[in-house]
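J.: Handing you this structure, nothing more for now.
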Amino acid sequence: MPDPRETFVSRRQVRGIHRSALVRTRFVLVGAGLVLALMATLPGVAAAVPPPPPNPSDSDLAAAGSAVDSSLGQVGQLIDAIASANQQLARLDDEVASKREGVNKALVDLQNARDAADVAAAVVGAAQQALADAGTQIQAAQRKFDEFAKSSYTQGSGVASMASFLGSSGPDDVLDRAQVLKVLSNSQNAVLDGLQRARTEQANRDSAARDSKQQADAAASEAESKKAEAEQAIAEAQAALQAEADQKAAIESQRDAAQTELDSARSNVAGLQDQRAAYGDWETRKAAEDAAVAAAAAAAREAAVQAAARVSANLAAQQRAAAIAEGQRSHVDVEEDSSATTDSDSSTTTTPTTPKTSTTPKTSTTPKTPTKPKTSTTPSVTGSAAVELAIDRGMSQLGVPYSWGGGDENGPTKGIRDGGVADSYGDYNKVGFDCSGLMIYAFAGLGISLPHYTGYQYTAGKQVPSSDMKRGDMIFYGPNASQHVALYLGDGKMLEAPQSGSVVKVSDVRYSGMTPYAVRMVS
């Protein structure tokens, strides 16, 4: 029965031969990896310029301009029609105002005629009363006169009465009596004549009053007629005014609709012009961004090429990395294999002594010492040269695909299955790095061996406050550094293999979720 120790030694020899071949192969792949998608290694390139805005064509702008011109003509015609309607309304307003004043005149004349008729009626009434009073007085005088005449006849007091003369005492007495009779007769006749004249004058005044009343009544009737005519004229003018106002309102409604169309057309033109201007601005920014991206890509490509050249030329670093990898079990070997055969598809060797390892990072605290992988943290080289060597090795892998579980001391390796996201991107069929695998490769050239788990790498070197991190320090994320690791480059930049579907690239440092400490492997 073969000695198990001999079997283990023979397996290490086979594994050593295989790994030496892999080292040569991987350094060839380093140069090939540099020509991959370096555009993706530049931070913020994809999101720097937003998608292009709409770019209206010349025909779109011309059509919009024609719509504005058409709307302008229509609105102009409607504005002219409204101006004409306003003039017509003003004329009708003047006519209505004039007719309203005509009604006012007719009303004033009517009231004056009514007042005159009232005065004439009062005069007629007074004249009639005076005439009646005069008649009464005449009748009374006539009765007195009749009584006087009767008395004179019966008593002989008349002028021609012989008794007057016979009863006289002498000639003088006769003359006196005759004179008295004559005076009385003349007085009575004068009274009768005065009464008669008064009655005649009163009758004349009554007739004049009646004429005045008739004229006043005629004037009132004419004023009533004029008032009715004026009111009819007002009604007709108001009807014409209302019809004109309705017509104006209809034109104004059309004008408003046309103005809305014009505003919409102008807005459309302005919007298209703004879109054209925005597109022009976007083109300018895109051209500047493309130029910046091209320059940055060229610079990154040159930096990666130079880093790769330095890494390839540094045989000592390659040997240190190969020495660390020599005899180590691959972290992807999860099953015992007594035949110690090589899996050519995965470019890894299965060994019977690899401990079971969970493929999902745990967020618990650091495992107990007996289960923690052994880590060599003493670098063969130190100082700034060692820092730059680690950074060169990492930068030489710019553009290499992300592969979950991929990467070791000698370079990129095929990834493993995770039963989820990584599988959906086919990481198990990609040769590349995950975040901790990239750190393993970067520091292996210094003779530093790191475990393939961020939580263990977090305790592999000197922890310094993240606020004091320097170029070459490792930056960690998540509880107990369980989520991600990157290599700090300085000036707010870091080198990382971020996630499935991405590549090794330079990014802006993300402070959200960062652990309180960074890890310094080289002083």
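Bear in mind that the values in this text are calculations on the coordinates, not laboratory data. Quantities reported herein were computed from a predicted structural model and do not represent experimental measurements. Counting neighbours? That spans all protein chains shown, and the Cβs are built from the backbone with ideal geometry, glycine included.
J.: At 10 °C and 1.306 mPa s, what whole-number value in µm²/s does Stokes-Einstein give for the translational diffusion of the range 193-255, with Rh from the Kirkwood sum over Cα pairs? Working shown, then result.
T.: Numbers: Rh = 16.3 Å.
For these conditions, the coefficient is 97 µm²/s.
J.: On to the next question. Where the eigenvalues come from the Cα gyration tensor of the range 190-305, what are the semi-axes √(5λ) of the equivalent ellipsoid, largest first, in whole Å?
T.: On the way: eigenvalues 2264, 43, 5 Å².
The three semi-axes for the range 190-305 are 106, 15, 5 Å.
J.: What does a probe at GLN499 reach in the range 417-448, counting residues whose amide N is under 16 Å from the point 7 Å along Cα→Cβ?
T.: Counting backbone N atoms under 16 Å from the label point, the list is 420-427, 434-436.
J.: Compute the FRET efficiency between GLN128 and GLN238 as 1/(1 + (r/R0)^6), taking r as their Cβ-Cβ distance and R0 = 45 Å, and round to the nearest 0.05. Walk me through the intermediate numbers first.
T.: Working: r = 47 Å, r/R0 = 1.04.
Efficiency, rounded to the nearest 0.05: 0.45.
J.: Divide the volume of the convex hull of the Cα atoms of the range 384-523 by its number of residues and quote the answer in cubic angstrom per residue. Let's see the in-between values first.
T.: Numbers: hull volume 13.3 nm³, N = 140.
Convex hull of Cα atoms, per residue: 95 Å³.
J.: Looking at this model, which pairs from LYS430/LYS462; LYS430/LYS505; LYS144/LYS213; LYS105/LYS248; LYS99/LYS213; LYS286/LYS430 are more than 27 angstrom apart at the alpha-carbon?
T.: Values: LYS430/LYS462 33 Å; LYS430/LYS505 17 Å; LYS144/LYS213 37 Å; LYS105/LYS248 31 Å; LYS99/LYS213 30 Å; LYS286/LYS430 33 Å.
Violating the 27 Å limit, Cα to Cα: LYS430/LYS462; LYS144/LYS213; LYS105/LYS248; LYS99/LYS213; LYS286/LYS430.
J.: ³J(HN,Hα) across the range 282-291 via Karplus (A = 6.51, B = -1.76, C = 1.60, θ = phi - 60°), whole Hz, x for Gly/Pro?
T.: Here the 3J(HN,Hα) series is 5, 4, 4, 5, 5, 5, 5, 5, 4, 5 Hz.
J.: Quick one: 3J(HN,Hα) in Hz for the range 493-500, Karplus 6.51/-1.76/1.60 with θ = phi - 60°, rounded, Gly and Pro as x.
T.: Karplus values, whole Hz, x for Gly and Pro: 10, 8, 9, 8, 10, x, 6, 4.
J.: Quickly rank 442-453, 69-80, 284-295 as a protection proxy: mean count of other C-beta atoms within 10 Å, highest first. If you can, show how the numbers build up before the last one.
T.: Details: 442-453: 24.6, 69-80: 15.0, 284-295: 12.8.
Those peptides, ordered most packed to least, come out 442-453, 69-80, 284-295.
J.: Still on this model: Going by average Cβ neighbours within 10 Å, how do the peptides 104-112, 400-408 rank, with the highest at the top? Write down the numbers at each step before the final one.
T.: On the way: 104-112: 15.0, 400-408: 26.3.
Descending packing order for the listed peptides: 400-408, 104-112.
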